[in-house]
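Structure record follows, encoded as structure tokens.
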Amino acid sequence: ELVSCVGWTTADELYSCSDDHQIMKWNPVTSETTRVVKLPDDVYPIDMHWFPRGVGGKKQSQAESFVLTSSDGKFHLISKLGRVEKSVEAHCGAVLAGRWNYEGTALVTVGEDGQVKIWSKSGMLRSTLAQQGTPVYSVSWAPDSDKVLYTSGKQLVIKPLQPNAKVLQWKAHDGLILKTDWNSVNDLILSAGEDCKYKVWDSFGRALYSSQPHEYPLTSIAWALDGELFAVGSFNTLRLCDKTGWSYALEKPNTGSIFTISWSIDGTQLAGACGNGHVIFAHVVEQHWEWKNFEITLIKRRTMKVHNVINDAVDLLEFRDRVIKASLSYGYLVVSTSLQCYVFSTKNWNTPLIFDLKEGTVSLILQAERHFLLVDGGGLYLYSYEGRLISSPKYPGMRTDILNAQTVSLSNDTLAVKDKADEKVIFIFEALSGKPLGDGKPLTHKTEIVEIALDQKGLTNERKIAFIDKNRDLFITSVKRFGKEQKIVKIGTMVQSLAWNDTSNILCGIQDSRFTVWYYPNTVYVDKDLLPKTLYEKDASEFSKNPQIVSFVGNQITIRRADGSLVHLHISPYPAILHDYVSTSRWEDGVRLCRFVKDQTLWACLAAMAVANKDMTTAEIAYAAIGEIDKVQYINSIKDLPSKESRMAHMLLFSGNTQEAETLLLQSGLVYQAIQVNINLYNWERALDLAVKHRTHVDTVLAYRQKFLEDFGKKETNQRFLQYAEGLEVDWNKIKAKIEMEIAKERERAAASPAVRT
């Protein structure tokens, strides 16, 4: 008889239920099959779902019980040994689907009677969430278990558990929708229907992908747990797809219709329940990793092939257990199997470093130049390439099972993780200690964050993080925060995808219909007007809709188009060379390079870099080259200032940091200069406050204020200024003499400390 449903307990054990009333247990490794129990003859199973593992902090190695829905309107709670713990009358007509939420605290069932019901863990009815006139064929929980997605004919409906909350409903297919799935890691929704198409949606109901029509209705669809792949089943058809929708592989097994697909916990294999009484097992092979001149392919479950394209050398890497995850970057290949982690150097494939894993199933590997991060169900673990555990950062409400490459980022000294409980928050850790960075406060944005990325090079205290929020705006901010609030600056809009370069702090992204490279994103903190001049832009229409940046290595960017094809782009190598010169303070080489290349963009980058590093001579040359004469004049005036403190303060002013400039001058005892800065900026109130507080130059402030008002033909209306101006005669000669005295005093101070001066 047909097999209606399948479900994995561990990575190597599968249960299946069939219309012949039997529940079977399979072990694909040993090829053993045993009968667990025979159900009563009136019970025809339709759907099964194992109770989630690892609930309440206790990590169970395997699931212990499952819910089975059947055609007689009941659902049954059955233990692993096959004992029916409880049978509950749930719907009129068949119960078409049942799903535990992620925490295992609630069960949702849907039926032919058009009802969606929520039950407690023990099988008590909590609420009827929805009622409609047509059968509900499929149901899924939202990642936070606070909403339920279910089918309604050709429509998809997302209904929050909260009463009176807004319900989202949209027409998704031209035929009945038979199956849905909602992934907890990438928050994307799948649907498959009788119109022979499968579709990918985001959680707002926006269509991201729609397939071509197949020959037969699609009867099953399911996400792999890590959200990178999904599988689609139809009559004699099994298809493997990328999360963006395009197809990796199509198989035509002799199965009849595949009614359910279930992925194993480690995402390496799947099982299908077939209409002809078979259970089909499929393993994902031929995953592909590329870095510089190396191509690595998983050719069998335990074997990798390494191909060096320069000399055509081929190496085979054999593993004891099956490969679950791998990552290739920065000259190392990191491979996790079901029990161990292997670290290969690309210089020597024969002697990997091997260490045992604590938890087992690794869901994500991220690499930086000096170390790598393993993410599994139990936590985050940072290892050196010598296999030493460096740190294991923790944060409140940590859920590691839902992290992916968009929500975690690693650099040589910093680890950033997007919070799940509050999507506006990014936790930032010091990599070596695993402790929160700086004052321990996380980074908070005003709207939900979608994707984060840390830059890879440069000094720790200049580490920057770029992130895209829900509105697809791109922001950049500094990671180091010591009490003082660092500005979060917007540098792009409608950004689909972003990546930092691996060897210099250059950022690339796809925004709207343009491919953009920010050669020196730090410009926004130095001279905001200069930012547009430091960009490289190119029309992105050739990448079609929704392209994703795969990697940015050296001066090559790899982009994956919506149809799965890869496009390689090359950008100018000169900005990276300039970054290298500046990081080693070789300013003359930098100027020489710009003169050789004769490119305005490069000059603009050099100008910003020079100001950021307080090298005024280079800044003057670079600004002159791009025709910013006003800035050249200002830099010249800074050079003529008598003391180092004044020069520093005016450099800060140049970058727009007025508050810091004023603080620096006051700390150095240059009160008059601080007042003068505020006068020049027309911050009259602040200038008067300083003058009154330090009991000096009140007349200077009033004189300049009076002159300012006379120039514009205005009368004084500010009460404070009127109060201090009473009975005060403005004598410009006196004021000029006072100012000259202040400047002379500053010169004397500068001359008295020659060490500082040099």
task = Taking the options THR134, THR180, THR128, THR109, name whichever one is touching a Gly at 6+ places or on another chain (Cβ under 9 Å), polar (S, T, N, Q), in the same structural domain as ALA63 (by the TED database) and outside any loop (DSSP other than H, G, I, E, B).
result = THR109
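For segment 309-337: of the residues being of a type outside the set (D, E, K, R) and loosely packed, with under 15 Cβ neighbours inside 10 Å, which is nearest to LEU357 (Cα to Cα)? Lay out the reasoning, then the answer.
Narrowing segment 309-337 to residues of a type outside the set (D, E, K, R): 309-311, 313-314, 316-317, 319, 323-324, 326-337.
The next check asks that each one be loosely packed, with under 15 Cβ neighbours inside 10 Å; those that pass are 309-311, 313-314, 316.
Working: VAL309: 32, ILE310: 34, ASN311: 35, ALA313: 31, VAL314: 28, LEU316: 23 Å.
Per the stated criteria, the residue is LEU316.
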task = Output the number of the condition that VAL306 fails; it satisfies all remaining conditions of (1) surrounded by fewer than 21 Cβ atoms within 10 Å (Cβ to Cβ); (2) hydrophobic (A, V, I, L, M, F, W, C); (3) within 25 Å of SER411 (Cβ to Cβ); (4) modelled with pLDDT of 95 or more.
result = (3)
task = Could you grab me the full set of residues in segment 705-727 that are under 56 Å from the mean Cα position of the chain (by Cα) and in a loop (DSSP other than H, G, I, E, B)?
result = PHE712, GLY713, LYS714, LYS715, GLU716, THR717, ASN718
Elements of type strands (runs of 3 or more DSSP E) in segment 316-423, at least 3 residues being not polar (S, T, N, Q) = 323-329, 332-337, 340-345, 348-356, 362-367, 371-376, 379-384, 414-418
ask   = Between a first residue in segment 573-593 that is surrounded by fewer than 15 Cβ atoms within 10 Å (Cβ to Cβ) and a second residue that is in a loop (DSSP other than H, G, I, E, B), which pairs have beta carbons less than 7 Å apart while being 6 or more apart in sequence or on different chains?
value = PRO573/ASN555
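Residue-by-condition table, conditions (1) within 30 Å of PRO213 (Cβ to Cβ); (2) without any contact (Cβ under 8 Å) to a residue 40 or more places away in the chain; (3) touching a Lys or Arg at 6+ places or on another chain (Cβ under 6 Å):
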site	(1), (2), (3)
PRO253	yes, yes, no
GLY256	yes, no, no
GLY272	yes, no, no
TRP289	no, no, no
GLU295	no, yes, no
MET304	no, yes, no
PHE319	no, yes, yes
ask   = Taking only pairs six or more apart or across chains, which ones have beta-carbon atoms under 6 Å, a first residue in segment 730-746 that is closer than 10 Å to THR700 by Cβ, and a second residue that is exposed (fewer than 13 other Cβ atoms within 10 Å of the Cβ) and not polar (S, T, N, Q)?
value = none
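One line per residue, one yes/no per condition, for (1) closer than 30 Å to ARG388 by Cα; (2) in contact with a His (Cβ under 9 Å, 6 or more places away or on another chain):
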{"residue": "PHE429", "(1), (2)": "yes, no"}
{"residue": "THR444", "(1), (2)": "no, no"}
{"residue": "GLU448", "(1), (2)": "no, no"}
{"residue": "ILE476", "(1), (2)": "no, no"}
{"residue": "VAL489", "(1), (2)": "no, no"}
{"residue": "THR503", "(1), (2)": "yes, yes"}
{"residue": "TYR519", "(1), (2)": "no, yes"}
Where a residue in segment 642-666 is within 18 Å of ARG749 (Cα to Cα) and touching a residue at least 24 places away in the same chain (Cβ under 8 Å) and its partner, wherever it lies, is β-branched (Val, Ile, Thr) and surrounded by fewer than 18 Cβ atoms within 10 Å (Cβ to Cβ), with Cβ under 7 Å and at least six apart = PRO642/ILE743; LYS644/VAL756
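The values are calculated or read from the model by the stated rules, or taken from the named source; none is laboratory data. Predicted, not measured: the structure shown is a model, and the values here were computed from it. Every residue, glycine among them, receives a Cβ derived from its backbone with ideal geometry; neighbour counts consider all protein chains shown.
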